[in-house]
Amino acid sequence: MGDDGDFNLDELDGDEHIGDDDAGPPDMAAHVPERPRSASDLEAVYDIPVQVSAVLGKAHMQVNQLLKLGRGAVIELDRKVGEAIDIYVNNRLVARGEVVVVEERLGVTMTEIIKTDRS
């Protein structure tokens with residue numbers, strides 16, 4: 001792997017080569033990647049940036065209501081105090097959690113991991 005983060009397919013482990021001209025129909029089982037066995041197996045993805053969002057709640061309003069808001073306005077959200085917040089990674093719900101204070105900054109602690117079926 002180069003220092004600039006670029007790599008080519010020859011550097012990846014495995015005997016399967018995608019796109020070989022002499023290859024027959026793909027065997028679906030042969031292309032299922034092996035699950036990582038340790039944290040070091042995931043090293044290739046450690047530097048990939050992801051967007052993490054913690055959603056305290058949502059509100060729906062019309063544009064004219066939005067334009068009337070001024071400094072100090074309060075927008076009522078659809079969550080109650082103490083209710084779990086949603087944690088999204090790349091716009092996908094992955095967990096629920098609670099707001100915490102860490103050294104005078106707001107943070108989030110995960111209390112529940114959301115498992116979704118990939119379809």
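Altogether, the Stokes-Einstein calculation at 4 °C and 1.567 mPa s, with the Kirkwood radius of region 49-113 over Cα pairs as Rh, returns a diffusion coefficient of 95 µm²/s. The mean sequence distance of close C-alpha pairs (under 8 Å, at least 6 residues apart), as a share of the length of region 49-113, puts its relative contact order at 31 percent.
Between the amide H of I114 and those of A95, R96, distances stay under 5 Å, these residues lying 5 or more places away or on another chain, with hydrogens modeled in the peptide plane.
Cross-link partners for K80 among the lysines, with Cα-Cα distance under 21 Å and sequence neighbours closer than 8 places in the same chain left out: K58. In order along region 74-81, the phi-based Karplus estimate (6.51 cos²θ - 1.76 cosθ + 1.60, θ = phi - 60°) of 3J(HN,Hα) comes to 10, 10, 6, 9, 7, 10, 9, 4 Hz; Gly and Pro are listed as x. Computed from backbone phi with θ = phi - 60° and the Karplus coefficients 6.51, -1.76 and 1.60, the 3J(HN,Hα) list for region 59-68 is 9, 10, 8, 7, 4, 5, 5, 4, 5, 7 Hz; x is used for glycine and proline.
Just so you know, all these numbers are worked out from the coordinates, no wet-lab data involved. Note that the coordinates shown come from a computational prediction; the quantities given were computed from them, not determined experimentally.
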